[in-house]
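A short worksheet on the structure shown next.
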Amino acid sequence: MDKNQAIGFALLALLLIVYFQFFAPEPTPVAEPTAPQEETTTGIPPTDNQPATALESLPDSVQAVANRQRYGAFAAAATGEEKTITLENEDMLVRFSTQGGRPVFIQMKKYEAYGGGSVELLTPESSEIRLVANTAQGEVDLYELFYASSTGNQKISAEDTATVAFTANLEGGSRIQQSYRLGGQGYELFYDLSIENANGIIQDESLTFVWNDELRVVEKDGKESRTRGRVNYFTTEKDDISLLQSPGETETELVEEPVKWLAMKQRFFTSGIIAETMFPKALISLEAPPESSDIVQTIGLQVPIGLNNGNSSFKYFFGPNDQRIMSPVAVDFENNIDWGYAIIKPISKYVISPLFHFLERFFDNYGLIIVIVVLIVKTGLFPLTYQSYVSMAKMKVLKPELDELKEKHGDDMAAMQKEQMQLYQKVGVSPLSGCIPMVLQMPILFSMFFFFPNSIELRQEPFLWTDDLSTYDAIISWSTNIPILSDFYGNHISLFVLLMTLSQILYTWSNSQATAVQGPMKSIQYFMPVVLMFVLNSFPAALSFYYLVSNLVTFGQQAIIRRFVDDSKIRQKLEENRKRNRNKKKSKFQLRLEEAMKSTEENKRNKPGNRGGAPRKR
C-alpha cells in the first residue's frame with residue numbers, strides 16, 4: 001500500500017465516524033399502543049424510510065471520495081462496466097477491453113500451438129500492460145480507467161482498414177481518447193493517444209508505458225524455446241541490434257540512449273513496441289524460469305512515452321519471425337531472427353533465406369525444397385570440391401616418398417618437415433590447397449546451423465516420418481532422466497541424425513581412400529561424425545536431413561570426379577614440375593618457415609631435461 005492509498009483509507013474511516021456521530025438519525029422510540037390513525041389524503045400510510053435511503057447511498061459517496069483521492073482529475077472515469085471489442089483481419093485477432101481501452105488478447109490465426117489451439121501472444125493471464133501518469137495525487141494508471149466506445153466487433157477484409165476508438169470524459173470537460181488501427185492483412189497494430197489539457201493534469205508531459213509478459217511455451221521443444229527467448233532493442237547510437245538474454249537468472253538493463261523499438265522474441269514469434277520517432281530510454285528485465293515451467297521467459301519493459309501537446313503515437317507488432325513480414329516494420333526489425341555470427345549473417349540473410357523463399361513459389365513440400373537447396377549449393381561449390389579432391393589425389397601420389405622421409409629421419413621431426421617442404425616445392429604442391437576449399441565452404445555450412453532452427457517456414461511442416469521439420473524427429477523416446485547422457489544427448493533418438501552419421505562415416509571412408517592420411521589421424525577423422533551425432537540429436541530434423549542429403553551428393557560428386565582424375569597423369573604432372581623447379585630458388589615464405597622450424601628444434605634440444613641436457617659453457 002502506498003502513501004496515497006493509506007491517506008485515502010484514513011479519510012474514509014474519518015468520514016464514517018463523523019457521519020454516525022453527528023448525522024445518523026436517532027432510533028425511533030417504541031410508541032404506546034394507540035387507536036389506529038386515519039390515512040392521509042394521499043392514501044399512503046406515513047412511514048419514515050429516510051435512514052435506509054441514506055445508508056444505501058453511503059457506499060456510492062464513499063466510493064466517490066475514494067476515487068477522487070486516488071485518481072484526481074481522472075476520477076470521473078474510475079468506475080464503469082467492462083466490455084470487450086474485437087478487431088479481426090486475415091492474420092490476427094485482437095480483443096480490446098473498455099477498462100483501459102487496451103488490447104488484452106492477441107491470437108495468431110494461421111499458426112497453431114503444439115498440442116492444439118492457436119498461438120496466443122497476449123492474454124489477460126500472462127500479460128500486463130499499464131500506462132502510468134504522474135499527477136498531483138500520485139501515479140495513475142490510465143489503463144485502469146473505463147472508456148466508452150461506439151464501435152462494435154469488426155472483421156476486416158484484405159483491402160480495408162478498421163479503427164476502434166475509446167473515450168473517457170474527465171473533469172472540467174477534458175477527455176482521453178485512444179484509437180487503434182488495424183489493416184486487413186499483417187501484424188501491425190497502430191496506436192494514437194490524445195489527452196486534452198494534459199499539461200494541467202499530468203506532470204512532466206510524459207507517461208510511462210509498462211509491459212510485463214510471461215512468454216508461454218508453444219513449441220514441442222520447450223528447452224530450445226527458452227534458449228532462444230530474449231529481449232532485443234535497437235538504438236541509433238549503436239546503429240545495431242542489442243541482445244539481452246538470461247542465462248538462468250534475473251537480468252536488468254537500463255538503456256540510457258534513444259530506442260527505436262523493443263521486442264520480446266520467442267523462437268518463432270515476436271511481440272514488440274515501435275516508436276513513431278524515438279523512445280528516450282528504456283528499462284528492461286528478463287527472468288528465465290525453471291525448465292519444468294511452461295513459461296519461456298518472464299520479461300518486463302518500462303518506456304517513457306513523451307506527449308506532444310497531449311498527443312502520442314506508436315505501434316505494436318505481434319507476429320511471426322518471418323523476414324518478409326518483419327523487414328517493413330522498422331529498421332533492422334528483421335534482425336529479431338537469429339541469423340548467426342557476423343561472418344555467417346550475410347549468407348543466412350541474403351543468400352539462403354531468399355533462395356528458400358524463391359523455391360516456396362514452386363514447391364509446397366519443404367523436404368523437397370531442402371533437397372533442391374542442397375543441389376544448388378553443391379553445384380555452386382563444385383569447383384572447390386573438384387580442387388580439393390585433386391589436391392588429395394596429389395598427396396596420395398606423393399605418399400611413397402613421404403613414407404621414405406619418415407623412415408629416414410625417424411623421430412627427427414624438424415629434419416622430416418624440412419625435407420617434406422622441399423619435396424612440396426619441387427613438385428609444386430601446396431599442403432593447404434586441399435584445406436582452403438573446405439574452409440571457404442564452412443560459412444555456408446555453419447549458416448545452416450542458424451537458418452534451420454530459426455526458420456518459421458519449417459514450423460510444423462511434415463516430411464516422411466517426422467511431423468515437424470523444425471524440431472527433432474524422435475523414433476524412440478524415454479522419460480527416465482539418465483545423468484550426463486540426457487544433458488548431452490537427450491531423452492530420444494533422432495532417425496535423421498543416425499542416417500546423417502552413417503552418411504558422414506561413409507563420406508569419411510571415401511576421402512581416406514584418396515588421401516595419404518595415416519596413423520592416429522586416420523582414426524580421429526571417424527570420431528567427428530560420432531560427436532555430431534550427440535550434438536545434433538536435439539536439433540531440427542531439417543538440419544540433419546540437409547546434412548544427410550549434402551553428404552550423399554558430395555559422395556556422388558567424388559565418385560564422378562574419380563572417373564576423370566587419373567593418378568598416372570597426376571604423377572606425370574608432378575614429375576614435370578620437379579624437373580622445372582629443380583634450380584628454382586626458395587621463396588621468402590619458405591625461407592622464413594624453414595628458419596622458424598630450425599629455431600624451434602634448437603630450442604627443443606637446448607631445453608633442460610631433454611636428451612643430452614643443455615650445452616655446457618666453456
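The values are calculated or read from the model by the stated rules, or taken from the named source; none is laboratory data. Bear in mind that the values here come from a model prediction, so they are computed numbers and not experimental data. Cβ coordinates were reconstructed from backbone atoms using ideal geometry, including for glycine residues, and neighbour counts include every protein chain displayed.
Before moving on, here are some points about what is shown:
- Count of the stretch 154-178 residues, restricted to those that are exposed (fewer than 12 other Cβ atoms within 10 Å of the Cβ) and in a loop (DSSP other than H, G, I, E, B), is 3.
- For the stretch 358-413, filtered to residues that are of a type in the set (Phe, Trp, Tyr) and surrounded by 16 or more Cβ atoms within 10 Å (Cβ to Cβ), the residue that is nearest to the chain's Cα centre (by Cα) is Tyr366.
- Residue match in the stretch 106-127 (condition: under 21 Å from Glu214 (Cβ atoms), assigned to a helix (DSSP H, G or I), assigned by TED's automatic domain parsing to the domain that holds Ile325 and of a type in the set (Phe, Trp, Tyr)): no
- Qualifying residue in the stretch 256-269 (condition: among the β-branched types (Val, Ile, Thr) and under 20 Å from the mean Cα position of the chain (by Cα)): yes
- Tally, over the stretch 354-380, of residues that are among the acidic types (Asp, Glu) and in a helix (DSSP H, G or I): 1
- Candidates Leu189, Leu207, Leu193, Leu215, filtered to the one that is modelled with pLDDT of 90 or more, of a type in the set (A, V, I, L, M, F, W, C) and either within 23 Å of Val119 (Cα to Cα) or not in a strand (DSSP E or B) (or both): Leu189
- Breaking point among (1) at pLDDT below 90; (2) under 28 Å from Lys220 (Cβ atoms), for Leu307: (2)
- Those strands (runs of 3 or more DSSP E) lying entirely in the stretch 254-302 with at least 1 residues without any contact (Cβ under 8 Å) to a residue 24 or more places away in the chain: 269-279
- Any hit, the stretch 326-346, residues being assigned to a loop (DSSP other than H, G, I, E, B), under 23 Å from Glu461 (Cβ atoms) and of a type in the set (Gly, Ala, Ser): yes
- Test result for Tyr233, out of contact with any Leu (no Cβ under 8 Å at 6 or more places or on another chain) and at pLDDT 90 or above: no
- Hits in the stretch 278-309 (condition: closer than 15 Å to Phe209 by Cα and buried (at least 17 other Cβ atoms within 10 Å of the Cβ)): Phe279, Ala282, Ile284, Ser285, Ile299, Gly300, Leu301, Gln302, Val303, Ile305, Leu307
- The lone criterion from (1) surrounded by fewer than 16 Cβ atoms within 10 Å (Cβ to Cβ); (2) farther than 19 Å from Phe314 by Cβ left unmet by Asn212 is number (2).
- Tabulated pairs, the stretch 79-103, first touching a residue at least 40 places away in the same chain (Cβ under 8 Å) and more than 20 Å from Leu145 (Cβ to Cβ), second among the small types (Gly, Ala, Ser) and in a loop (DSSP other than H, G, I, E, B), C-beta under 7 angstrom, 6+ apart or interchain: Asn89/Gly184; Glu90/Ala158; Glu90/Gly184; Asp91/Gly186
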